[in-house]
Amino acid sequence: MIDVFAEISPSEFFYRNRDLAGFSNPSRALYSAIREFIENSLDACELHGILPEIFVRLTPMDFDINSQDPKAYILKVRDNGPGIDPKYVPKAFGQVFFGSKFQLRQSRGMFGMGGTMAILYGQITTNKPVRITTSVDGIQAFTFDLLIDVQGNAPIILKKDSHPTEGFTGITLTLNLEGDYSRASQKILDYFKQLAMVTPYANFTFIDPYGRLFIYKRVTKIMPVPPKETLLHPYGTDVEAIRRLIKQSKDDSMVKFMSNNFHRVGKNIASKFLNYAGFDQEKDPKTLSNDEITKLVKALHTFDGFLQPDASCLSPLGEEILMTGIKKELEPEFITATTRPPSAYSGFPFIVEVGLAYGGKILQRGLKLFRFANRIPLLYDEANDVASKVLNEEIEWKRYKIPEDAPLAIITHVCSTKIPYKTVGKEYLADRPELEKELRNAIREVLRKLSLYLSRKVSIEMDKRRFNIYGKYLPLIAKFSKELSGMKKLPNYKKLLEIKRFQKDIEEYIDVK
């Protein structure tokens, strides 16, 4: 028997395995496509300090809303970002694994393939090209009609033209794809609502296939500080990463190689490490054998003299922005948030943020968990997420004296250069011990604040009831005292009923937003 070997391109692989990227069925594919293009737009705007304006419209191709799902839809997404240089547009949208998200810094996407996967899915379900219009200067716009050569993993340009534009910069994308909006609608609307919660500095407009208009308005102009590109941390390396660094490096000595290619490694730390690992500091890294590279990697993982990664490559929301978004979407009676100090797992820095909302008109009775990772709402597989594990297994709720059916929402946000997703579909986080610890501490912190608020609220309500009783009986006592003493005027009992000192407490603890 003769084995037949063949090679397939990345596009071919994801064509055959599109469920790996969240395009497993028409309902999930519609949700994933909308999400991927919005998140690409947000990343582009935020990196350039632009307050995002994002418009999304979903229209049936046959314009008959009553026709049965699944069916073909036209998805249009427009942003006001910096745009993409026309020379990069074909590959950016028509080639898997070509993009701007391969630097080591926080971003919503991991591989830069989500948008391309959506275009590939649209192509194989409708056989229609995608149309992309881009402008980087607000003067001239360029429009491309593209298909993807699946076997060659390359763009096919069907049409290209240019035209003037009046001040518009950014990307407008129009894609035809098969979808099932009747099943996906609730997830899509939940996604927009949660996205507005975690990006309150953006304007979102969504028109659904029924012509319904959903607007999520910006409520702050404060944006998170954009993340900076960083180097690989020694604890996050492996043999293949070292091989690539050696191949790309122009350093002619190990001490230069270490200090120029790793995060927070200077010449002093590099020298100490090389002595620990048993390497000549002047040795040319390109002369390392396979066994020596393996030895180097093992030493990198065991040396305890490396500094922990810093958080400059991360962009947490911060308590102010997080609380602003929660207040906007949930309108709670009480709100608080905390941002934990930077931590790391396997050499990758991460920051945990947790918000809490209690009461109000929107929250229903019982606990509601909202999960975010790098500002991406996570809507599927909640039970498998590390945040669910912490809430259900590691929090002693009785300690905080919170009623079992209290209208309560916990909002968790994890930002990192490498989010520990359990699946390629980016829907829930693995239970890494370091991540679990930070989530546990952050949740405990916000629950303590809620517990303090509830106890003060009960105390204030008791004081108010007490003064109500005084208000009822003091006038009668004053009248009786007047009659007994023969006084002409009633005693001045009204000073006893002043509650100004309690009004301050009420404003501080009950009217907190």
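The values are calculated or read from the model by the stated rules, or taken from the named source; none is laboratory data. The model shown is predicted, which means the values in this text are computed figures rather than measured ones. Heads up, the Cβs are rebuilt from the backbone with ideal geometry, glycines too, and the neighbour counts pull from every protein chain shown.
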Say whether the condition of being over 20 Å from T230 (Cα atoms) and either surrounded by 14 or more Cβ atoms within 10 Å (Cβ to Cβ) or modelled with pLDDT under 95 (or both) is met by at least one residue in segment 308-317.
no
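Yes or no, residue by residue, for (1) without any contact (Cβ under 8 Å) to a residue 12 or more places away in the chain; (2) touching a helix residue (DSSP H, G or I) at 6+ places or on another chain (Cβ under 6 Å); (3) assigned to a helix (DSSP H, G or I); (4) among the polar types (S, T, N, Q):
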position	(1), (2), (3), (4)
Y380	no, no, no, no
A383	yes, no, yes, no
V390	no, yes, yes, no
E393	yes, no, yes, no
P403	yes, no, no, no
I410	no, no, no, no
C415	no, no, no, no
I419	no, no, no, no
K426	no, no, no, no
In segment 247-269, the residues that are closer than 13 Å to L300 by Cβ and assigned to a helix (DSSP H, G or I)
M254, F257, M258, N261, I269
State whether one or more residues within segment 369-378 are among the polar types (S, T, N, Q), in a loop (DSSP other than H, G, I, E, B) and out of contact with any Pro (no Cβ under 8 Å at 6 or more places or on another chain).
yes
Inspect segment 230-243 for any residue being under 30 Å from T324 (Cβ atoms) and not β-branched (V, I, T) and give the result as yes or no.
no
Would you mention how many residues in segment 270-310 are small (G, A, S), part of a loop (DSSP other than H, G, I, E, B) and in contact with a Phe, Trp or Tyr (Cβ under 9 Å, 6 or more places away or on another chain)?
1
From G49, G81, G94, grab the single residue that is out of contact with any Phe, Trp or Tyr (no Cβ under 8 Å at 6 or more places or on another chain), at pLDDT 75 or above and surrounded by fewer than 18 Cβ atoms within 10 Å (Cβ to Cβ).
G49
What number goes with the only condition from (1) modelled with pLDDT of 95 or more; (2) in contact with a Phe, Trp or Tyr (Cβ under 7 Å, 6 or more places away or on another chain) that L379 does not pass?
(1)
Within segment 471-494, does at least one residue satisfy the condition of being out of contact with any Leu (no Cβ under 6 Å at 6 or more places or on another chain), more than 30 Å from M117 (Cα to Cα), at pLDDT 75 or above and surrounded by 12 or more Cβ atoms within 10 Å (Cβ to Cβ)?
no
Within segment 311-326, which residues are assigned to a loop (DSSP other than H, G, I, E, B) and either at positive phi or touching a helix residue (DSSP H, G or I) at 6+ places or on another chain (Cβ under 8 Å) (or both)?
S315, L317, G318
Filter segment 326-337 down to residues that are more than 16 Å from the chain's Cα centre (by Cα) and β-branched (V, I, T) and give me whichever is nearest to E445 (Cα to Cα).
T336
Could you check segment 432-461 and list, in sequence order, the residues that are of a type in the set (D, E), surrounded by fewer than 21 Cβ atoms within 10 Å (Cβ to Cβ) and at pLDDT 90 or above?
E434, E436, E445
State yes or no: is G355 surrounded by fewer than 22 Cβ atoms within 10 Å (Cβ to Cβ) and either closer than 23 Å to R108 by Cβ or not polar (S, T, N, Q) (or both)?
no
Name every residue in segment 177-222 that is part of a loop (DSSP other than H, G, I, E, B), under 17 Å from the mean Cα position of the chain (by Cα) and surrounded by 19 or more Cβ atoms within 10 Å (Cβ to Cβ), in order of residue number.
T199, P200, Y201, A202
Matching residues, segment 399-420, being closer than 30 Å to I362 by Cα and more than 12 Å from the chain's Cα centre (by Cα)
R399, Y400, K401, I402, P403, E404, D405, A406, P407, L408, A409, I410
